Amino acid sequence: MKSALAILLSIGLFLLSACSGPKLELLSARAEIMAFGDSLTYGKGASEDGDYPAVLAELTGLRVINAGVSGETTSQGLTRLAELLVGETPDLLILLEGGNDFLRNHDIAKTKANLAQMIELAQAKSIPVVLIAVPQKSIFLSSATLYSELAETYDVMLLEEVLTDLLKTRSMKSDTIHLNDAGYRALAETVYRGLEDAGAI
């Protein structure tokens, strides 16, 4: 079976997917990563253990908490993350949210403000954040610019193009807005390479 890396090579996607941001501290063998987001984190369209947090756990050998909820907006996510971080302090937060806001034509400024507050919640507890950009609804998919703006403002690591590239590729999708097993594995591998390049693993 082809690896996701081979699949990405064959379809000509960016293997480094515009990873940018600060260096990260090396995660210990006991570190916990929280993958927070909506259905793309939950793994809609994936088989059992085919979601990207499960694959990332396999790749890193670390505990990766799947904190994805299908259909969640950033307003709902902000409330939920605040509640989660009362009782948990992961060593790294991967934030992938905003798609449902775009699909429902929510105010972009409000979406950005919600994501900003999520980043602030994590940084207040000294939790490093990795931000994954989501494409806005349009004829030609492109990552919403608010993610690069947030990454610059808060000095967080950004994976800007990977999700947009995958959602442009039919063989990586289970439907128009969700990935399949190959797509989630490709996403996890790109996150893994980003963490590796940043010095976290």
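The values are calculated or read from the model by the stated rules, or taken from the named source; none is laboratory data. In this text the structure is predicted, and so the values were computed from the model without any measurement. Positions of Cβ are backbone-derived with ideal geometry, glycine not excepted, and every protein chain shown enters the neighbour counts. With ligands, DNA and RNA removed, areas are computed over all heavy atoms of the protein, side chains included. Shrake-Rupley method; radii C 1.70, N 1.55, O 1.52, S 1.80 Å.
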note = Over segment 102-124, the set of residues charged (D, E, K, R) and either out of contact with any helix residue (DSSP H, G or I) (no Cβ under 6 Å at 6 or more places or on another chain) or within 17 Å of T176 (Cβ to Cβ) (or both) is R104, D107, K110, E120
inquiry  = Checking the conditions here, which among L158, L163, L121, L167 is closer than 28 Å to A31 by Cα, open to solvent by 10 Å² or more (accessible area, probe 1.4 Å) and of a type in the set (A, V, I, L, M, F, W, C)?
reply    = L121
Count of segment 63-108 residues which are open to solvent by less than 60 Å² (accessible area, probe 1.4 Å), in contact with a Ser or Thr (Cβ under 9 Å, 6 or more places away or on another chain) and within 19 Å of A29 (Cβ to Cβ) = 1
ask   = Do we find that A200 is part of a loop (DSSP other than H, G, I, E, B), crowded, with 17+ Cβ neighbours inside 10 Å, of a type in the set (A, V, I, L, M, F, W, C) and at pLDDT 95 or above in this structure?
value = yes
inquiry  = Within segment 173-197, take every residue that is touching a residue at least 60 places away in the same chain (Cβ under 8 Å) and over 18 Å from A35 (Cα atoms) and give me the one that is surrounded by the most Cβ atoms within 10 Å (Cβ to Cβ).
reply    = A182
request  = Enumerate the strands (runs of 3 or more DSSP E) found wholly within segment 37-147, keeping only those where 3 or more residues are at pLDDT below 95.
outcome  = none
query = Considering L56, L27, L40, which residue is in contact (Cβ under 8 Å) with a residue 40 or more places away in the chain, open to solvent by less than 10 Å² (accessible area, probe 1.4 Å) and touching a strand residue (DSSP E or B) at 6+ places or on another chain (Cβ under 7 Å)?
reply = L56
task = Report yes if some residue within segment 130-152 is under 18 Å from R193 (Cβ atoms), open to solvent by less than 50 Å² (accessible area, probe 1.4 Å), touching an Asp or Glu at 6+ places or on another chain (Cβ under 9 Å) and among the β-branched types (V, I, T); otherwise report no.
result = yes
message = Pairs please, first residue from segment 77-96 and closer than 18 Å to K112 by Cβ, second anywhere and open to solvent by 70 Å² or more (accessible area, probe 1.4 Å) and at pLDDT 95 or above, Cβ atoms under 6 Å, 6+ apart in sequence or on different chains.
response = L78/Q117
